[in-house]
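This report concerns only the one structure given below.
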Amino acid sequence: MKNTVKTFRDAKEKGEKITMLTAYDYSTAKLMEEAGINAILVGDSLGNTMLGYEDTISVTMEDMIHHGAAVARGTNNTMVVIDMPFMSYQTSVYDALVNAGRLMKEGRAAAVKLEGGAAICPQIKAITDAGIPVMAHLGLTPQSINAFGGNRVQGKTEEAAKKLIEDAFAVQEAGAFAVVLECIPEKLASIITKKLEISTIGIGAGNGCDGQVLVYQDMLGMFSDYIPKFAKKFADVGTVMKGAFADYIKEVSEGTYPAQEHTFKIDDDVLEKLY
Ligand code: KIV
């Protein structure tokens with residue numbers, strides 16, 4: 001069954017959880033689809049995990065299109081959401097519309113995600129009015145890392161919690177079909193989830209959200225630069241990879257790889273004609 005915005009709506013109605021992971025390439029996307037994931041986020045976290053930047057600020061539209069299109073080619077039924085990178089939508093409603101259109105046409109997204117609340121609602125409204133589904137993103141929004149002064153839990157004071165609730169209503173009103181809640185207290189995320197008609201997708205926001213998203217390198221133990229508290233390691237793929245790389249190095253160095261079963265043959269009569 002193809003996952004669409006309707007999947008999110010139906011799941012909320014039935015009280016079923018939405019599953020989402022990030023992916024940035026064809027083969028990982030294929031594996032996730034085979035595992036039965038509802039949605040893949042081509043997050044601008046690719047700036048950290050794939051490109052080695054210390055934050056997401058330098059990620060470009062070209063980066064997002066390049067990785068987004070690869071993920072789209074690896075999926076048939078999974079809903080692919082592509083992040084709008086820093087300064088591709090904050091600058092104006094026009095820029096937001098043009099760049100959201102590029103992510104759909106060139107990246108083959110089924111929806112776009114952008115960070116922020118009331119301040120970017122004109123952009124959310126214009127994009128959804130153009131027929132492009134929008135996932136909003138509130139709480140710890142990594143493109144504002146310099147304004148936050150680091151990766152801090154958001155919404156802990158009365159004022160900040162009220163602002164988050166207002167922003168959640170604002171993005172819903174502007175037309176978003178879902179909202180990511182990142183790094184906020186579990187009880188606040190649960191209140192927002194109960195109040196909203198649209199789905200909440202949590203990351204570091206506890207178990208009360210309508211769905212969850214994780215950066216796939218975090219849940220596979222493949223990224224050690226920064227390990228957030230909420231990132232459960234579902235498998236230690238990083239260690240398995242390092243072990244395999246070390247075995248390869250050893251076997252090539254010792255001359256035991258490639259073995260006979262990995263080599264191609266040529267007929268002796270052809271060989272004789274070569275001398
Ligand atoms: O870029 C990303 O991967 C994200 C998730 C952390 C939600 O925005």
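Amide H contacts under 5 Å for MET79: ASN3, ALA39, ILE40, restricted to partners 5 or more places along the chain or on a different chain, H placed in the peptide plane at 1.01 Å from N.
Comparing mean-square fluctuations of LYS250, LYS265, LYS17 from a GNM of the chain with C-alpha springs under 10 Å, the top value falls on LYS265. Hey, what angle do you get for helix 93-105 against the long axis of the chain, alpha-carbon based, 0 to 90 degrees rounded to 10? Result, in degrees: 30. Taking the Cα centre of region 143-240 as origin and assigning +1 to Lys and Arg Cβ atoms and -1 to Asp and Glu Cβ atoms, the resulting dipole is close to 260 debye. Charged neighbours of ASP10, selected by a Cβ distance under 15 Å, balance to +2 (K, R count +1; D, E count -1).
Among SER190, SER45, SER253, the largest mean-square fluctuation in a Gaussian network model of the chain (Cα springs under 10 Å) belongs to SER253.
Just to confirm the number: angle between the C-alpha axis of helix 158-174 and the first principal axis of the chain, 0 to 90 degrees, nearest 10? Taking the Cα atoms of the chain, the angle to 158-174 is about 80 degrees. The phi torsions of region 258-275, fed into the Karplus equation with coefficients 6.51, -1.76 and 1.60 and a -60° offset, translate into couplings of x, 8, 4, 5, 9, 10, 9, 9, 9, 5, 4, 5, 5, 4, 4, 6, 8, 8 Hz, rounded to whole numbers, with Gly and Pro shown as x.
Taking a sphere under 15 Å around the Cβ of ALA119 and counting the other residues whose Cβ falls inside, with K and R at +1 and D and E at -1, yields a net charge of -3. Mind checking the angle between helix 5-14 and the chain's longest principal axis? C-alpha axes, 0 to 90 degrees, to the nearest 10. Its long axis makes an angle of about 70 degrees. Averaging Cα coordinates gives a centre for region 144-216 and one for region 112-132; these two points are 16 Å apart. When the Gaussian network model of the chain links Cα atoms closer than 10 Å, the mean-square fluctuations of ILE203, ILE191, ILE120 top out at ILE191. Excluding same-chain neighbours fewer than eight residues apart, the lysines reachable from LYS250 by a Cα-Cα span under 24 Å are LYS242. Restricting the GluC sites (Glu not before Pro) of region 96-198 to loop positions (DSSP other than H, G, I, E, B) with no more than 13 neighbouring Cβ atoms within 10 Å leaves GLU197.
Taken together, the values in this text are just the output of simple stated rules run on the coordinates, not laboratory data. Keep in mind that what you see is a predicted model, and the values were worked out from it rather than measured. Cβ: placed from backbone, ideal geometry, glycine included. Neighbour counts: every protein chain shown.
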